[in-house]
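Visitor: Pasting a structure below so you can have a look.
The values are calculated or read from the model by the stated rules, or taken from the named source; none is laboratory data. Values in this document were obtained by computation on a predicted structure and should not be read as measured data. Reconstructed Cβ throughout: ideal geometry from the backbone, glycine too, with neighbour counts over all protein chains shown. Accessible surface is based on the protein model in full, side chains and every heavy atom, while ligands, DNA and RNA are left aside. Shrake-Rupley method; radii C 1.70, N 1.55, O 1.52, S 1.80 Å.
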Amino acid sequence: WNRIGDAGVSELADALGRGGAPRLRELSLEANGLGDAGAEALVRGLAAGGQRLGRLSLGNEVGGNAIGSSGVSALTDAFHVFDELIELRLSNNQVGARGAVGLATALGLGGAARLVRLTLASNRIGPEGVAALRGVGASRAELSIALSLQLAEVGAAGDCR
């Protein structure tokens with residue numbers, strides 16, 4: 001965990017956008033102090049550089065970042081570019097209900113068609129986010145969605161109305 005922050009990831013994104021890592025297939029940036037601006041810059045760089053990522057980890061069970069709904073929106077807007085993405089890890093960020101609903105909408109429309117694993121533990125996605133993701137899970141049987149419901153703020157009895 002290098003804590004490179006948004007400025008550091010912008011530098012990395014610039015290099016990636018210039019084709020600096022044409023064979024990059026996996027990128028892990030957990031616990032690096034990235035916010036929405038960093039996520040947006042990273043997506044721009046990856047898209048411009050034509051990387052064919054299979055795995056992108058911006059947060060796991062141990063450490064995440066501060067990526068919220070606008071950073072998630074940048075990711076979902078680029079799902080058409082990430083056509084080889086099979087795993088997206090966003091645990092321990094600030095996705096929230098709005099970001100989870102945006103993810104669910106993009107996935108439901110066929111975005112990131114090869115995605116088989118999405119992790120969103122500890123993102124306070126609330127009942128609305130859980131319900132939206134549950135709907136995607138029903139329509140995309142191959143997709144495994146991992147949540148941490150104790151931090152999803154879903155209500156006392158796990159109510160997802």
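Visitor: How long are the semi-axes of the equivalent ellipsoid of segment 28-87, defined as square roots of 5 times the Cα gyration tensor eigenvalues? Whole Å, largest first.
Guide: 18, 13, 10
Visitor: With everything on Cα atoms, drop me the angle between helix 126-139 and the longest principal axis of the chain, reported from 0 to 90° to the nearest 10.
Guide: Rounded to the nearest ten degrees, it is 80.
Visitor: Hey, any idea what % of the chain's accessible area is carbon plus sulfur with a 1.4 Å probe?
Guide: Carbon and sulfur: 50 percent of the exposed surface of the chain.
Visitor: Rounded if a/c is under 1.5, else prolate if a/b beats b/c, else oblate: with a ≥ b ≥ c from the C-alpha gyration tensor eigenvalues square-rooted, which is segment 1-128?
Guide: It is oblate, given that a/c is not under 1.5 and a/b is not larger than b/c.
Visitor: What size of dipole, in debye to the nearest 20, comes out for the chain about its Cα centre when the only charges are +1 on Lys and Arg C-beta atoms and -1 on Asp and Glu C-beta atoms?
Guide: 280
Visitor: Can you compute log10 of I(q)/I(0) for segment 94-135 with the Debye formula, treating each Cα as one identical point scatterer, at q = 0.19, 0.21, 0.25, 0.26 Å⁻¹?
Guide: The Debye formula, applied to the Cα set alone, gives -0.50, -0.61, -0.83, -0.89.
Visitor: Between segment 56-107 and segment 10-32, what is the C-alpha centre distance in whole Å?
Guide: Centre-to-centre (Cα) distance: 16 Å.
Visitor: Right, another one. Which residue, 141, 48, 74, has the most motion in a Gaussian network model of the chain that connects Cα atoms within less than 10 Å?
Guide: 141
Visitor: Would you please classify the overall shape of segment 1-64 from the alpha carbon gyration tensor, given that a ≥ b ≥ c denote the square roots of the eigenvalues, rounded means a/c under 1.5, and beyond that prolate means a/b larger than b/c while oblate covers the rest?
Guide: Since a/c reaches 1.5 but b/c is at least a/b, the shape of segment 1-64 is classed as oblate.
Visitor: Would you calculate the separation in nanometres between label points at residue 114 and residue 25, each defined as 7 Å from the Cα along the Cα-to-beta-carbon direction?
Guide: Inter-label distance under the simple model: 1.0 nm.
Visitor: GNM on the chain, C-alpha springs below 10 Å: top fluctuator among 44, 23, 124?
Guide: Result: 23 has the largest fluctuation of those listed.
Visitor: Would you look at the GNM of the chain, springs on alpha carbons closer than 10 Å, and say which of 73, 91, 28 moves the most?
Guide: Evaluated over the chain, the most mobile residue of the options is 28.
Visitor: Run the simple label-point estimate for residue 7 and residue 84 please: 7 Å along Cα→C-beta, distance reported in nm.
Guide: 3.3
Visitor: Averaged per residue, what accessible surface does the chain expose to a 1.4 Å probe, in Å²?
Guide: 46
Visitor: Let me ask you something else. Using the alpha-carbon atoms, what tilt in degrees (0 to 90, nearest 10) does helix 96-108 show relative to the longest principal axis of the chain?
Guide: Here the helix axis deviates by roughly 80 degrees.
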